[in-house]
């Protein structure tokens, strides 16, 4: 079903990544180590690293290490959203998508505050190996991140007792999945995380597309133009999508995504968690930030902080509208994560990562 593939690429950050036919892999070349070098006079160094995974492929990325900090230092792993992206979280070399490099911004800010940061090209993307990311479930991607944590734990320059995760969108869900089983993490940061089964998120996004006259076959579009209730058309699309998954025709990513409910694993998270969301998010409802917080607290963890950014979209960029179909028009003018978002992330992680003793629970 072509339409299902298309929405799979709309989900999360992928809407700004797909530049060709729906479902095709963006052309993301393996860029040189110099491309990811630290800025001149930066108080940190950037080294290229190779991370072996349990599946046998190798992920390639950049580790930024503070120059003046006394080793071992705390470290944070960054986890990208869905669809193929480089270690900077760039999903396409095409303008204006290529202007948006959130992970380079976040890495720079955290390493200037004394934290090491590991960011990786997704599997089968850039310099990394592995099978197609589109065929890897969120659970498989979580194993890639676990490999990154294991890699850091093996480095003498890194304090294995002071590790954290920061994930955006699907990456935020991965951070929650890992923290539910890894009790040693000092803290996790989620940006635009979901808190319901994936099919409900897909329904939310599809409702938005139908309101624009999209995501319908010719027959449904004719009915929509004739004034039929869009909610009836939406329910038909949801039924079709669920039948597609139930039939076994969907790939591993779709099958896992449709049924996975982050609120079920969230109560097992014992690490402190910072939950961020933009109130103009048209990919994931802002209410999910509060739902995720309640799910974590229901397990007894009260170290939960929620921060909502007014007039920010799913990309955490200032945007009064927030519609993901408008990102292409927005990015030439606004493509840098605002200082308020960066400061919130950095200040919270700096507090959680400080001191050599294990965080109290």
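Numbers for the structure displayed
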| item | result |
| --- | --- |
| Residue 161 paired with residue 223, simple spin-label distance in nm, labels 7 Å along Cα-to-beta-carbon | 6.2 |
| Cβ-based exposure ranking for 138, 125, in which fewest neighbours within 10 Å come first | 138, 125 |
| Value at 222 nm in deg cm²/dmol, rounded to 500, when DSSP H runs of n ≥ 4 in the chain each add -39,500 (n - 2.57) | -10500 deg cm²/dmol |
| Burial ranking of peptide ranges 209-218, 89-98 (average Cβ count within 10 Å, highest at the top) | 89-98, 209-218 |
| Kirkwood hydrodynamic radius (C-alpha pairs) into Stokes-Einstein, the range 57-167, 20 °C and 1.002 mPa s, D in µm²/s | 150 |
| Descending semi-axes in Å of the range 270-361, equivalent ellipsoid built from Cα gyration tensor | 29, 17, 8 |
| Separation between Cα centres of the range 30-88 and the range 262-279, rounded to whole Å | 25 |
| Sequence of 188, 201 once ranked by neighbouring C-beta atoms within 10 Å, starting from the fewest | 201, 188 |
| The range 164-258, relative contact order [Cα under 8 Å, separation at least 6], % | 22 |
| Highest average packing first - 164-175, 47-58, Cβ atoms within 10 Å | 164-175, 47-58 |
| Principal axes of the chain: Cα extent on each, largest first, Å | 68, 46, 40 |
| In degrees, nearest ten, helix 170-179 long axis to first principal axis of the chain (Cα) | 50 |
| Mean Cα-pair separation over length for the range 68-114, i.e. relative contact order, pairs under 8 Å, 6 or more apart, % | 31 |
| 0 to 90° range, to nearest 10: angle between helix 287-298 axis and the chain longest Cα axis | 50 |
| Over the chain, relative contact order from alpha-carbon pairs under 8 Å, at least 6 apart, % | 17 |
| Förster radius 56 Å - calculated FRET efficiency between residue 67 and residue 214 (Cβ-Cβ, nearest 0.05) | 0.70 |
| Exposure proxy order (Cβ contacts within 10 Å, fewest to most) of 325, 123, 109 | 325, 109, 123 |
| Distance histogram for the range 239-320 (every C-alpha pair counted, 5 angstrom bins, percent rounded to whole numbers) | 3, 15, 18, 15, 16, 17, 12, 6, 0 |
| Normalised alpha carbon radius of gyration of the range 156-208 [divisor 2.2 N^0.38 Å] | 1.43 |
| Cα long-axis angle, helix 230-246 against the chain (0 to 90 degrees, to the nearest 10) | 60 |
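Each value in this text was obtained by applying a stated rule to the coordinates, not by laboratory testing. Keep in mind it's a predicted model, so treat the numbers as computed, not measured. Every residue, glycine among them, receives a Cβ derived from its backbone with ideal geometry; neighbour counts consider all protein chains shown.
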